[in-house]
Amino acid sequence: MPHKKLKKSEPCKHLVLYFHDIIYNGKNAGNATSAIVGAPEGANLTILAGKNHFGDVVVFDDPITLDNNLHSKPVGRAQGLYIYDKKDTFTAWLGFTFVLNSTDYQGTINFLGADPILVKTRDISVVGGTGDFFMSRGIATLMTDAFEGEVYFRLSVDIKLYECCSGVKVGCCCGSDADGNLAEAGGGGGISSAGPGWGWDCHEFARTPSCCHRTRRDEKRRRGSDLSNGRSDRALR
């Protein structure tokens, strides 16, 4: 049976940012934006370990810029950590947040994933956000834009978001009322609920129309389960 061709999704938001990492080496305390906080036994905290830096844990608070110039005005900070996690190749695991505070962007974007550093471009997951990026999810493509020895590197971060909450009221969600009608609930500052077991199905926030599609699919699945257990929708109220 031939595979169905999937329609290519377009991102609902796309931005490219850069962050600059200057690791503390014992002599650059004034300029350093990251520091080794964990290392293999016997290693010091100012020089990355040998063997592909395996075992080093680095915490960072790096400036984010709109272009690749370290001296450009920052639009926020990249805050998190990277862990060198393989002995036989040069790779790391990343967990960090972009904290953005500029006229263009306000809010946070959260990232997680493996970073095989020797690969030219590599993808990590966007797992959430706040503010302009409330509940956003997508993919970020990383590229090492520059490096100087083991003290400085610059990453280009090409962010494509496929779930966006822009323009949607916080607390707004898709759901179904007691008669099974799909509707929009909530608004203002919280999530509405009509009580346990029924009412608004608020596990999905209304980012896009696909929220309602997922909710409809989940509700059909739930109804089928209820009927197979000998219960009707009316009995759930």
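The values are calculated or read from the model by the stated rules, or taken from the named source; none is laboratory data. From a predicted model like this one, the values you see are computed outputs, not experimental measurements. Here Cβ is always computed from backbone atoms with ideal geometry, including for glycine, and neighbour counts include all displayed protein chains.
General observations
- One residue from V127, V119 being in contact (Cβ under 8 Å) with a residue 12 or more places away in the chain and either touching a Cys at 6+ places or on another chain (Cβ under 7 Å) or not polar (S, T, N, Q) (or both): V127
- Of residues in the stretch 55-80 being among the hydrophobic types (A, V, I, L, M, F, W, C) and either under 19 Å from I159 (Cα atoms) or surrounded by fewer than 19 Cβ atoms within 10 Å (Cβ to Cβ) (or both), the one nearest to the chain's Cα centre (by Cα): A78
- In the set I83, I47, only one residue is touching a strand residue (DSSP E or B) at 6+ places or on another chain (Cβ under 6 Å), surrounded by 14 or more Cβ atoms within 10 Å (Cβ to Cβ) and of a type outside the set (D, E, K, R); that residue is I83.
- Residue in the stretch 117-124 that is surrounded by fewer than 17 Cβ atoms within 10 Å (Cβ to Cβ), at pLDDT below 90 and over 21 Å from P11 (Cβ atoms) present: no
- A search for C-beta distances below 8 Å between a residue of the stretch 62-73 that is farther than 17 Å from M143 by Cα and any residue that is surrounded by 14 or more Cβ atoms within 10 Å (Cβ to Cβ), counting only pairs 6+ apart in sequence or on different chains, returns S72/T65; S72/L66; K73/T65.
- When G55 is tested against (1) at negative phi; (2) free of Cβ contacts under 8 Å to residues at least 60 places away in the same chain, just one condition goes unmet, and that condition is (1).
- Taking the criterion of being part of a loop (DSSP other than H, G, I, E, B) and either over 20 Å from E10 (Cα atoms) or of a type in the set (A, V, I, L, M) (or both), the only residue of the stretch 125-138 that qualifies is M135.
- So F133, is it aromatic (F, W, Y) and either within 9 Å of the chain's Cα centre (by Cα) or within 21 Å of F153 (Cβ to Cβ) (or both): no
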